[in-house]
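The values are calculated or read from the model by the stated rules, or taken from the named source; none is laboratory data. All figures in this text were calculated on a predicted structure; none of them were measured in a lab. Glycine gets a Cβ as well: all are built from the backbone with ideal geometry, and neighbour counts include every protein chain shown. Protein only, heavy atoms only, side chains kept; ligands, DNA and RNA dropped before computing areas. Shrake-Rupley method; radii C 1.70, N 1.55, O 1.52, S 1.80 Å.
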Amino acid sequence: MAELSTIARPYAEALFAAALDDQADLESWSSLVSELAAVASLDDVREALTDPRLNAAQRIELFSSLIKTPLSPWAQNFIGLLVDNNRVLVLPEIAQEFETLKNRREGSALAQITSAFELSEEQVRDLVSGLEKKFGLKLKPSIAVDRSLIGGVRVVVGDQVLDTSVQARLTGMRDALVA
């Protein structure tokens with residue numbers, strides 16, 4: 001959803017700048033943002049936060065009480081800002097954008113690797129090693145299996161897609177024959 005990422009980006013950028021100013025390590029901020037996003041994505045929480053009977057202070061207190069990690073003043077202010085602007089439910093997208101900013105700063109990226117079959121740890125290591133050379137980034141692999149690929153792999157790094165699956169080749173051949 002492009003709309004949600006457009007809404008989430010300025011919040012993620014502001015939070016990222018605050019995280020850098022706070023002198024805390026980005027990993028702790030990343031885990032906090034992930035926790036906030038996980039709580040915000042729960043159906044019961046979403047329902048409670050949209051309840052018109054609750055005022056902003058009650059929403060802030062309710063949401064803050066559900067977070068296990070102790071909240072710094074920066075984090076409490078951020079939650080207050082999100083509640084005041086009715087953006088708490090956008091937290092999953094904010095977390096994605098924050099992670100993208102963090103990865104960019106670290107010179108790394110998430111690599112979503114989809115394979116037709118289970119990959120061994122050695123195969124994943126070899127594949128990631130080759131992909132790191134190709135993309136020039138330190139990659140954090142996320143592995144999934146999709147049997148409809150028939151064979152090969154599909155790799156998504158940011159907005160780049162490398163699809164060497166049999167399914168993609170068959171689709172290319174079909175398109176060439178139809179044209």
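With protein chains left intact and a 1.4 Å probe, residues in segment 68-137 average 59 Å² of accessible area per residue. For segment 1-67, with all protein chains in place and a probe radius of 1.4 Å, 54% of the accessible heavy-atom surface sits on carbon or sulfur. Once the Cα atoms of helix 56-65 and of the chain are each reduced to a long axis, what angle between those two axes, in degrees from 0 to 90 to the nearest 10, is obtained? Orientation of helix 56-65: about 60 degrees from the principal axis.
Across segment 97-149, Cα-Cα distances exceeding 18 Å account for 36% of all pairs.
Rounded to the nearest 500, the 222 nm mean residue ellipticity of the chain from helices alone is -19500 deg cm²/dmol, with -39,500 (n - 2.57) taken per DSSP H run of at least 4 residues.
Could you tell me which trypsin sites (Lys or Arg not before Pro) in segment 37-130 are loop residues by DSSP with no more than 15 other beta carbons within 10 angstrom of their beta carbon? Sites meeting the loop and neighbour criteria: R53, K68.
Which residue fluctuates most in the GNM of the chain (Cα springs below 10 Å): S148, S28, S108? It is S148. Three principal axis extents describe the C-alpha atoms of segment 1-86; from largest down they are 38, 32, 20 Å.
For the chain, lysine pairs separated by 8 or more sequence positions, or belonging to different chains, with Cα-Cα distances below 23 Å total 5. Against the empirical 2.2 N^0.38 Å (N residues), the chain has a Cα radius of gyration ratio of 1.28.
In a DSSP loop and with at most 15 other Cβ atoms within 10 Å, the chymotrypsin sites (Phe, Trp or Tyr not before Pro) in segment 73-179 are F117. With all protein chains in place and a 1.4 Å probe, the accessible surface of segment 93-179 carries 53 percent carbon and sulfur.
Given a 10 angstrom Cα cut-off, can you work out which residue in T164, T100, T114 is the most mobile in a GNM of the chain? Of T164, T100, T114, the most mobile in the Gaussian network model is T164.
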